[in-house]
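A.B. asks: Please see the structure below; I have some questions.
What follows is calculated from the coordinates using simple rules that are stated; it is not laboratory data. Note that the coordinates shown come from a computational prediction; the quantities given were computed from them, not determined experimentally. Virtual Cβ from ideal backbone geometry, glycine too; neighbours counted across all protein chains shown.
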Amino acid sequence: KCRTGPLDIVFVIDSSRSVRPFEFETMRRFMMDIIGNLDVGPNATRVGVIQYSSQVQNIFSLKTFFTRADMERAINSIIPLAQGTMTGLAIQYAMNVAFTTQEGARPLHKRIPRIAIIVTDGRPQDRVTEVATQARNAGIEIYAVGIQRADMNSLRAMASPPLEEHVFLVESFELIQQFAKQFQDKLCGVDMCVEREHGCQHSCISTPGSFYCECNAGYRLNVDGKTCSPIDACADGRHGCQHHCVSVRGSYSCRCRAGYYLSQNKRSCIMIDYCSFGNHSCQHECVSIPNGHYCRCRSGFTLQPDSKSCRATDLCNGVDHGCEFKCVSTEGSYHCVCPEGQQLQADGKTCSKCGAGHVDLVMVIDGSKSVRPQNFELVKQFVNRIVDLLEVSPHGTRVGLVQYSSRVRTEFPLNKYHSADEIKKAVMDVEYMEKGTMTGLALKHMVEHSFSELEGARPLSHNIPRIGLVFTDGRSQDDISEWARRAKESGIVMFAVGVGKAVEEELRAIASEPVEQHFSYSADFTTMTHLVENFSLNICPEEGKGETEIRSPCECEALVQFQTNTVAILQSLTERNILWARSLAQMTARLEDLEKQIANKK
């Protein structure tokens, strides 16, 4: 067995049409022979397999299997793709996907070697030099194994230095099994921890052709790389204690402040709930604080001088409600309303017209080389025409932009800009990426990052619609179905816009239901104007149809009843005033008669 330490190994297997079925069987046996001599396991060597031709297919990742039997079953079930030879695309996938921690690769700081074994029988149909250099710079050690018709220059361009230890050329598929033993020795090498005086104070970890020292828990490796010193477990900031960390040699314990007790995880602290003692006498709510408690009233009520009882208040008259149009009081609460034809904004206070609604909109645009620079400028103009439809503000519509080719780049997140002018300027400053078309990777990025609260998406509890608009001009080089499905399952309304050679099947897979309302196509970049109008009609249909909001008949009846009651009250007051005036006139006349009678007697 290869016991020089754990490795992360990914086989990158050529399954192009030039590899005949019986030849592919020898490649299966080559992989299984190598795996058969590895010490595999979650804490030992991990193995992944991808095959490629004109596209890349993941057979299993570094986190999928940890037994040789499971790996061999998966390898035996591989169906060759039998298409072209896009070796550069396969290396790109290995770097961007297969060797990520999400797919099971151990973090770089653990210093576990990342090894890619590329097996091919022909000349690549794409460029490999640049992407192989990027992979090596990312810490991936590449072994290039060529069989029969393989191009030696391409093998040397892909492999890690020294080339004499990383480039292999086998004359035929029949000889690859004999070569497996030679390659196994090269991969495993000598256990340096056993063969040499390593000088490690605690533990020696072997790697191919070398070793390094590790210290036991609670100790730090000194600058000499061999000896160890005890560390202050509290000082490194990784203790996780919520309140106080108390350090002991090689370990630590957590303590809580007064008024708290330590939880079962021995790290976080829980405040003592004084309200649970049952003697607080609060009419509404009891709020615990360290070393005590206080009473609190529900919204719309005021705490009385006894600090326990509550009395209801008219919040519309008693607080600064902030309603732009009208405040309506209810029992212990209030809400804002807007005039007919206007909508209440997400802040619950201000009013505005629809303006394409208040949404979180992320546009994902294709920046592959097939788009071409002049057309990419038209795409940016298309994006800005959509921005013109929206009422952009922190509390209104937010807009983010993502560009993709062989990789994905966030041009700006949802919380970057707060006005349409800022967004339109940023769009025009976007630089064209070129290269491939990894639409599936872009969808994954949109779901996991672009619609996160960290990048500005409002919480789902706010009921702000999340809309994703994907713009593409060709067939994706990776699978889109999984992440298109996940996007829609996560509540994102998906629009798909295709131009030129865009594949209708892929557009329909991306679009939300009903599909006909969520995907559009234009044969040419210069005729995309109608697509903007389609998007407007679907995101805010009441604007496109020219309809006005029909108010509830009950609400109209209530307004009529209010008007009727008001008129009746005013009439009643008027009649009372008339009667009062008549009575006053009668009393005045009687007083005048009395005055005359008194004057006559004198």
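A.B. asks: Select from 52, 95, 85 the residue farthest towards the positive end of the dipole of the stretch 7-188; place +1 on Cβ of Lys and Arg, -1 on Cβ of Asp and Glu, and compute about the Cα centre.
C.D. replies: Of the listed residues, the answer is 95.
A.B. asks: Further question on the same structure: Taking a ≥ b ≥ c as the square roots of the Cα gyration tensor eigenvalues, with a/c under 1.5 meaning rounded and otherwise prolate when a/b beats b/c, else oblate, which class fits the stretch 360-539?
C.D. replies: rounded
A.B. asks: What distance in nm separates the two pseudo spin-label positions at residue 490 and residue 216, each 7 Å out from Cα along the beta-carbon direction?
C.D. replies: 4.5 nm
A.B. asks: Taking 29 Å as the cut-off for C-alpha to C-alpha distance, list the pairs among 110/435; 63/501; 424/488; 63/380; 369/424 that go past it.
C.D. replies: 110/435; 63/501; 63/380
A.B. asks: Filter the GluC sites (Glu not before Pro) in the stretch 383-445 to those in DSSP coil with at most 11 other Cβ atoms within 10 Å of their Cβ, and list the result.
C.D. replies: Hits after loop and neighbour filter: 431.
A.B. asks: Roughly how many Å is it from the Cα centre of the stretch 106-134 to that of the stretch 224-288, as a whole number?
C.D. replies: For the stretch 106-134 versus the stretch 224-288, the Cα centre distance is 46 Å.
A.B. asks: Rounded, prolate or oblate: which fits the stretch 406-485, taking a ≥ b ≥ c as square roots of the Cα gyration tensor eigenvalues, rounded meaning a/c under 1.5, else prolate when a/b beats b/c?
C.D. replies: It comes out oblate by the Cα gyration axes.
A.B. asks: Taking 0.36 nm per intervening residue step and subtracting the Cα-Cα distance, what contour gain separates residue 243 from residue 279 on full extension?
C.D. replies: Computed gain between residue 243 and residue 279 is 10.1 nm.
A.B. asks: Check the straight Cα-Cα distances from residue 425 and name the aspartates and glutamates below 15 Å, setting aside those fewer than 8 residues away within the same chain.
C.D. replies: Within reach: 377, 388, 411.
A.B. asks: Continuing with the same structure: Apply the Karplus curve 6.51 cos²θ - 1.76 cosθ + 1.60, θ = phi - 60°, to the phi angles in the stretch 153-167 and return the couplings in whole Hz, x for Gly and Pro.
C.D. replies: With coefficients 6.51, -1.76 and 1.60, one gets 4, 5, 4, 5, 5, 8, 6, 7, x, x, 5, 5, 9, 10, 10 Hz.
A.B. asks: Using a simple spin-label model with points 7 Å from Cα along the Cα→Cβ vector, what separation in nm is obtained for residue 226 and residue 129?
C.D. replies: Taking the two extended label points, one gets 4.3 nm.
A.B. asks: What FRET efficiency comes out for residue 370 versus residue 461 if R0 is 41 angstrom and r is the Cβ-Cβ distance? Round to the nearest 0.05.
C.D. replies: That pair, residue 370 with residue 461, gives E of 0.50.
A.B. asks: Under the 0.36 nm per residue contour assumption, what length would be gained going from the current alpha-carbon distance of residue 108 and residue 294 to full extension?
C.D. replies: Gain on extension, residue 108 to residue 294, equals 61.9 nm.
A.B. asks: Per 10 Å bin, what is the whole-percent P(r) computed from every C-alpha pair distance within the stretch 70-116?
C.D. replies: Whole-percent P(r) values from 0 Å outward: 21, 37, 36, 6.
A.B. asks: Any idea how far apart residue 22 and residue 454 come out in nm if each label point goes 7 Å out from Cα toward Cβ?
C.D. replies: 5.4 nm
A.B. asks: Continuing with this model, one more query. Tell me which residues come under 5 Å, amide H to amide H, from residue 231 once H is placed; ignore anything under 5 positions away on its chain.
C.D. replies: It is 219, 220, 250, by chain and number.
A.B. asks: Just order 376-382, 464-470, 147-153 by mean Cβ neighbour count inside 10 Å, highest at the front, would you?
C.D. replies: 464-470, 376-382, 147-153
A.B. asks: Report the gain in length on full extension from residue 526 to residue 317: 0.36 nm times residue separation, minus Cα-Cα distance, nm rounded to one decimal.
C.D. replies: Full extension from residue 526 to residue 317 adds 69.5 nm.
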